[in-house]
Amino acid sequence: MSGMERRGRIAKRVSRFGKSAIHEMTRLSKEIDDVAFLSWAKPTSDTPEHVKEGAIRAIRDGLTAGYSETLGLPALREAIVAKLARDNGVRATPGEIIVTVGAIEGLSAAVMAVVDPGDEVILPTPTYSTHIRQVELAGGKPVLVPLIEADGFRWDIAATRAAVTPRTRAILYCTPSNPTGTVFDEATQLALGALARQHGLMVITDEAYEYFVYDDHRHFSLASVPDLRENVIGCYTFTKTYAMTGYRVGYVHAAPDVIAHIAKVHIPFAICAPVVSQYAALAALAGDQACVADFRAHYLAMRNLMCERLDRLDHVFEYARPGGSYLMFPKIVRDGGKTDSKTFCLDLLREARVSATPGVAFGPTGESHLRLSFCVPESEIHKAFDRMEAYFSAGSPRGR
């Protein structure tokens, strides 16, 4: 601990945080030449041309130098309303939308708006590590309910019901899931919605991977249920859908009285989302949507390829085939499934030059797993798995 921290000048809620495992693996990977990089959920595809042109046109027309309205450009919010109705079955108005700095800022603002210090928020485990920190930064207590891994990381509704206490304020989850790729189906989410109505809770949904679902799975937005309108805050993003991670633009939808309070948090967090990115997002929605189908087709092909390569390493890993996202969460079955995932991933990086994210970053039941991203070129997957096959067949200290 530094002298500054010892003197109490750094808030305890921040100083107790460790480094982000995702970003730490990224940093360490850059210290090694020619790493096969599977550790970050960042699309390697370029942003579609019509999106880039929208940003360039707005800059050339002198539209990006000032702030937008706090809630976002009116034209963009109108376009989001049309998108929600068309693709999510959600009936909204522009006044129920805030354009945010990616889904992350929207989620943070939503959590801050509804969670008081000491309140409990139910999350699944494994879950996206940032969700846990968002709750903790608001002074809340994350209550982690294990998913049923043996059944494809299915949500345990009975355990969730038992986890509700008088201090419970919200339920927060991502569908399709980061890190497991699970698509929480309509019946599961309706059960969570019923629980929220019964106990007066908010349900905060992170729907970043909404367009990337495979096989017979279907994305379902809980906010599409009229009776749950007052209980749901939906968070969405352009960054995953259109390979716009660097643009940092997303949006939140909630009932008017709820959105008004989220806006109070959004202002000190951001004032408004980057205006140039808002124009890019408007172009994304207005342009040809074939790019989204192309991304989905690529991710599906890469998912299938990664599963095929994992099948050849079944003495090291077992896995649930992800129904969505561009992530998967294999379990390390070596050493009786009790492997330290951080040590495993560090060894894999240093000795095989393959970067993966340790599963312990995603909650207690994430230990003995690693997260792999398949939003990469085919050649990157082959390079990573060729190296892993050689590494494990060579009798590595942790791969025998």
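Structure notes:
- Ser129 meets each of the listed conditions (1) at pLDDT below 95; (2) over 22 Å from Ala170 (Cα atoms) apart from (2).
- Val115 closer than 18 Å to Val164 by Cα and of a type in the set (A, V, I, L, M, F, W, C): yes
- Matching residues, the range 31-63, being hydroxyl-bearing (Ser, Thr, Tyr) and at pLDDT below 95: Ser39, Thr44, Ser45
- Test: Thr180 is within 30 Å of Lys52 (Cβ to Cβ), buried (at least 23 other Cβ atoms within 10 Å of the Cβ) and at pLDDT 95 or above: no
- Total residues in the range 369-400, condition of a type in the set (Gly, Ala, Ser) and modelled with pLDDT of 95 or more: 4
- Selection of first residues in the range 276-289 that are over 16 Å from Gly62 (Cβ atoms) and of a type in the set (Asp, Glu) and of second residues that are surrounded by fewer than 24 Cβ atoms within 10 Å (Cβ to Cβ) and modelled with pLDDT of 95 or more, restricted to Cβ pairs under 9 Å at least 6 apart or on distinct chains, gives the following pairs, ordered by first then second residue: Asp288/Pro48; Asp288/His50.
- So Thr241, is it within 21 Å of Tyr211 (Cβ to Cβ), in the same structural domain as Ala75 (by TED's automatic domain parsing) and surrounded by fewer than 19 Cβ atoms within 10 Å (Cβ to Cβ): no
- Residues of the range 10-67 that turn out to be closer than 23 Å to Tyr247 by Cβ and in a helix (DSSP H, G or I), as a count: 16
The values are calculated or read from the model by the stated rules, or taken from the named source; none is laboratory data. What you are looking at is a predicted structure, and each value in this text was computed from that prediction instead of being measured. Positions of Cβ are backbone-derived with ideal geometry, glycine not excepted, and every protein chain shown enters the neighbour counts.
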